[in-house]
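*Asks:* Right, I'll just put the structure down here and ask away after.
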Amino acid sequence: MYNYIEHGKGATAVSTHQEDPEKYAEFMERIEAGEKIEADDWMPDEYRQTLIKLISMHGISEIMGALPEKEWVPKAPSLKRKLGIMAKVQDEMGHGQLLLRVAEDLMAPYGKDREDIMQDLLRGDLKFHNVFHMATKSWADAGLIGWLVDGAAIITQTNMLDASYGPYQRALQRICAEEVFHAQHGEAIIMALAEGTEEQKAMLQDALNRWWPALLMFFGPPTAETTGSSKQEATIKYRIRKSTNEGLRQAYLDKYLPRIFSLGLTVPDETIHYDEEKKKWIYQQPDWNEFKQIISNNGPRSQARLRLRKIAHENSAWVREALATPVVTA
Amino acid sequence: MSLVETAEQAKQDAAYKEALVEVLYQLADDDFIISYRGSEWLGLAPHIEEDVAFSSITQNTMGHAMLFYQLLEELGEGDADALAHERISNERRNGTYFEIKNGSGTYLEEPQYDWALAVVRNYLYEAFKKVKLEEALKSSYAPLRNTADKVLMEQPYHLGHWKTWITQLQDSSQEAKERIQSRLDEAWKQIGDAFELGPKADDILAKEILSSSETLKQRWLDSVKETLTYVPNGDLASELGNGRAKEHTDQLDQALATLSEVYNSDREAVW
Amino acid sequence: MAENEKKATFYKTYEVFSRKNDKSHAQHQFSLLAPNEEIALAMAQENFMRREDVIDVWVVARDNIRKMTSEERKQWTKRLDNKDYRNTKGYGYLRKKWREKEQEMLDEKEILSWKEVARK
Ligand SMILES: [Fe+2]
Ligand SMILES: [Fe+2]
């Protein structure tokens, strides 16, 4: 999920039905009736802050998420794969663009823009998603990301397709339409490996073994106590998403585990099974302390990836300076 | 020279075919390597929106390389993937200027990439490609005419895109101006071989497969002079070697090692 | 920030519109950041219309769009449901009348089909 991480040292919401009880009640009525909120509509501060945290983290995760897959773009093993993965990674940059635009419009009243987002990221104040801190070690990782990381992203993103915030919800419609291509792009790579040589099969199993804990972590801790910063409640209360972290993880396991097994693959968890009575998957919890470390930019590739963004940003500062034009701000 | 309609027909005249494949390799290898350099930029452009737009151009360009490799495939040169991935640097015919790195470092580590190089090189390349493809519309080889015609359909967006960037940067801040100018000076010293037709130049002309090197160069100069507010003095040189004669820098070797790393790990496997 | 304070920025907001084909109207796509309209236009198509047909693209600086405010949207876009006289709905009874006179009603479908007839 893209919403369980503290944004950093930014101002935290003053909690607020006190700020204007009448407007607050009207606002809640609107979203409960399924109306969409637009950028210039009145909204409670807590709502704005929740959205900014959620969407800027979602957006920057798309941008940072392009980097691990991009490692395999020039190396893709055929012309067709080179084109497919380029288009896929391009889409992820595009998702970042859509989402950052939405976040930027929300931040505008605070006088913040794209540059502030980049600086927040580089300073470590704006976190990005746990999976994008991980190393990619083989071509199978590139396929696995498209199949299972995007699969997880599809589960969380489709859960927000009816989000109460209009601009976010509209961005998500575009994003989810493209995710269908991402899923199939990933499946195509995986299928070729799963039906390929012994080495290819081994490469695929190895990738899955390495990625499994990160995939479970993707949806965030089941409860706030686990890491102490779950934002589940606010996003559900404000009708941004529908399900809890654990609910989404279960839906993911429902959809993907049978497919994983059907390819002759295993997951590195001997205890995993479906409990017919409880109607849910029982699985070994990933190490949530490690999760906290990872999202605090202490993951295997956190600093290296931030370094790439920093270089890219700094090396082209002259371009942005050269073309900067005066604007009149209200 | 009468029109050669098919690959089968071309293959019946050994000298014709040999000259023809030289031209096709040049077109394919140029697009392929410039697209490879573009793919290294992915995620690292100065601006997110530009990253997305640039990548479309990179993809289109690789698509163009594929079309030319397919023409070679029809002529019995091997399959497109093998042509793209298996040939070592002294089998390649791309212009040397198009193969040099985007900056120091690699795309994986410390990519000190220079947007001025990206803008100058891509602009000069697209202007060159337009001229060469327009000349190819007159080729005696019909499949080349057809492919040139197709590629020229989507190429104007590429040229327009880079023209916008260079037009804006060349007259903006002092720093931008200097960066663009010094990359133009560099280009003038390195782009010369791009206009060559290689060892089969005489046959290429005699058999009317493509126009002369001088025509290409003059038309290109005329077109870029309309856009550039600074044009370096002196003739174009080929300081990095003659790529059309398969001479290359070790920067091409590095690129080939990367782009075929997975492919070469098992050439028989289906990926 | 002070009223009308000037600052230089690369990040100006442009709204992007496009038309899919000759028959479609320009449709709003999304917004992007660019330093000026030339760069905005150079990027717009591939940011939002990579997978759809496009025959025209417009970019408009957001500052140049006067759109309804939140209040105006709430207040100006509501209408009473009593405008049948503007639509064919208010004239449905004619169908029966014409039938009595053994004529068919000239409805929307019929009238718009005349473009084929006119050509003959
Ligand atoms: Fe995405
Ligand atoms: Fe995706």
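Rundown of residues vs (1) within 14 Å of chain B (Cβ to nearest Cβ); (2) basic (Lys, Arg); (3) within 14 Å of ligand 1 (Cβ to nearest atom); (4) surrounded by fewer than 22 Cβ atoms within 10 Å (Cβ to Cβ), yes/no style:
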| residue | (1), (2), (3), (4) |
| --- | --- |
| A:93 | yes, no, yes, no |
| A:96 | yes, no, yes, no |
| A:136 | yes, no, no, yes |
| A:147 | no, no, yes, no |
| A:151 | no, no, yes, no |
| A:159 | no, no, no, yes |
| A:163 | no, no, no, no |
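*Asks:* Okay, next question. Looking only at segment B:141-152, decide whether some residue is of a type in the set (D, E, K, R) and within 14 Å of another protein chain (Cβ to nearest Cβ). Talk me through it step by step, then tell me what you get.
*Replies:* From segment B:141-152, those of a type in the set (D, E, K, R) are B:145, B:149-150; that's our starting set.
Remaining after also requiring within 14 Å of another protein chain (Cβ to nearest Cβ): none.
For segment B:141-152, residues of a type in the set (D, E, K, R) and within 14 Å of another protein chain (Cβ to nearest Cβ): absent.
*Asks:* Residue under question is residue B:48, and the condition is that it be under 30 Å from residue A:302 (Cα atoms) and touching a strand residue (DSSP E or B) at 6+ places or on another chain (Cβ under 9 Å); does it hold?
*Replies:* Numbers: under 30 Å from residue A:302 (Cα atoms): yes; touching a strand residue (DSSP E or B) at 6+ places or on another chain (Cβ under 9 Å): yes.
So residue B:48 passes the test.
*Asks:* Within segment A:115-149, how many residues turn out to be aromatic (Phe, Trp, Tyr) and under 29 Å from residue A:319 (Cα atoms)? First the steps, then the outcome.
*Replies:* First, pick out the residues of segment A:115-149 that are aromatic (Phe, Trp, Tyr): A:128, A:132, A:139, A:147.
Next, only the ones that are under 29 Å from residue A:319 (Cα atoms) stay: A:128, A:132.
The number of residues fulfilling the criteria is 2.
*Asks:* Search segment A:72-91 for residues being free of Cβ contacts under 8 Å to residues at least 24 places away in the same chain and away from ligand 1 (no atom under 16 Å from the Cβ), and hand back the single one that is nearest to residue B:46 (Cα to Cα).
*Replies:* Restricting to residues being free of Cβ contacts under 8 Å to residues at least 24 places away in the same chain and away from ligand 1 (no atom under 16 Å from the Cβ), the top hit is A:74.
*Asks:* Which condition breaks for residue B:210 when tested against (1) within 14 Å of chain A (Cβ to nearest Cβ); (2) in a loop (DSSP other than H, G, I, E, B)?
*Replies:* Against the list (1) within 14 Å of chain A (Cβ to nearest Cβ); (2) in a loop (DSSP other than H, G, I, E, B), residue B:210 comes up short only on (1).
*Asks:* Also: Could you give every pair whose Cβ atoms fall below 7 Å, whose first residue belongs to segment A:299-317 and is at the interface with chain B (Cβ under 8 Å from one of its Cβ atoms), and whose second residue is of a type in the set (D, E, K, R) and surrounded by fewer than 18 Cβ atoms within 10 Å (Cβ to Cβ), counting only separations of at least 6 or pairs across chains?
*Replies:* A:311/B:110
*Asks:* Something else: Of all the helices (runs of 4 or more DSSP H) wholly in segment B:1-88, which have at least 3 residues that are buried (at least 20 other Cβ atoms within 10 Å of the Cβ)?
*Replies:* Working: elements: B:7-11, B:14-41, B:48-74, B:80-85.
So the answer is B:14-41, B:48-74, B:80-85.
*Asks:* Collect the residues in segment A:230-275 that are surrounded by 19 or more Cβ atoms within 10 Å (Cβ to Cβ), under 24 Å from residue A:205 (Cβ atoms) and touching a Gly at 6+ places or on another chain (Cβ under 8 Å), keeping them in residue-number order.
*Replies:* Across segment A:230-275, the qualifying residue is only A:252.
*Asks:* A follow-up question, please. Among the numbered criteria (1) under 16 Å from the mean Cα position of the chain (by Cα); (2) more than 13 Å from ligand 2 (Cβ to nearest atom); (3) farther than 19 Å from residue B:43 by Cα, which one does residue A:164 miss?
*Replies:* In the conditions (1) under 16 Å from the mean Cα position of the chain (by Cα); (2) more than 13 Å from ligand 2 (Cβ to nearest atom); (3) farther than 19 Å from residue B:43 by Cα, residue A:164 misses (1) alone.
*Asks:* Under 6 Å by Cβ, and 6 or more places apart or on different chains, what pairs join a residue from segment A:182-195 that is within 10 Å of chain B (Cβ to nearest Cβ) with one that is among the β-branched types (Val, Ile, Thr)?
*Replies:* These pairs meet every condition: A:192/B:270.
*Asks:* Can you confirm whether residue C:56 is touching a Lys or Arg at 6+ places or on another chain (Cβ under 8 Å) and not hydrophobic (A, V, I, L, M, F, W, C)?
*Replies:* yes
*Asks:* Residues in segment A:174-189: is at least one within 16 Å of ligand 1 (Cβ to nearest atom) and part of a loop (DSSP other than H, G, I, E, B)?
*Replies:* Within segment A:174-189, not a single residue is within 16 Å of ligand 1 (Cβ to nearest atom) and part of a loop (DSSP other than H, G, I, E, B).
*Asks:* If a residue has to be at pLDDT 95 or above and farther than 28 Å from residue B:51 by Cα to count, how many in segment C:1-38 make the cut?
*Replies:* Looking only at that region, the number is 4.
*Asks:* Assuming residue A:211 fulfils every condition listed in (1) more than 14 Å from chain B (Cβ to nearest Cβ); (2) part of a helix (DSSP H, G or I); (3) more than 16 Å from ligand 2 (Cβ to nearest atom) apart from one, which condition is it?
*Replies:* (3)
*Asks:* Working only within segment A:72-91, note down all residues that are within 14 Å of ligand 2 (Cβ to nearest atom), out of contact with any His (no Cβ under 8 Å at 6 or more places or on another chain) and more than 7 Å from chain B (Cβ to nearest Cβ).
*Replies:* Selection gives nothing.
*Asks:* Quick one: what pairs do we get from segment B:172-197, first residue without any contact (Cβ under 8 Å) to a residue 40 or more places away in the chain, second surrounded by fewer than 16 Cβ atoms within 10 Å (Cβ to Cβ) and in a helix (DSSP H, G or I), C-beta under 8 Å, 6+ apart or different chains?
*Replies:* B:173/A:321; B:175/A:321
*Asks:* Go through segment A:40-70 and report how many residues are away from ligand 2 (no atom under 16 Å from the Cβ) and either in contact with a strand residue (DSSP E or B) (Cβ under 7 Å, 6 or more places away or on another chain) or within 9 Å of another protein chain (Cβ to nearest Cβ) (or both).
*Replies:* Adding up the residues that qualify gives 5.
*Asks:* I'd like the full set of residues that are in a loop (DSSP other than H, G, I, E, B), surrounded by fewer than 24 Cβ atoms within 10 Å (Cβ to Cβ) and either polar (S, T, N, Q) or within 14 Å of another protein chain (Cβ to nearest Cβ) (or both), limited to segment B:93-106.
*Replies:* B:101, B:102, B:105, B:106 - these are the residues of segment B:93-106 that are in a loop (DSSP other than H, G, I, E, B), surrounded by fewer than 24 Cβ atoms within 10 Å (Cβ to Cβ) and either polar (S, T, N, Q) or within 14 Å of another protein chain (Cβ to nearest Cβ) (or both).
The values are calculated or read from the model by the stated rules, or taken from the named source; none is laboratory data. Please read all numbers here as calculations on a predicted model, not as lab measurements. Quick reminder, even Gly has a Cβ in these numbers, built from the backbone with ideal geometry, and neighbours come from all protein chains shown.
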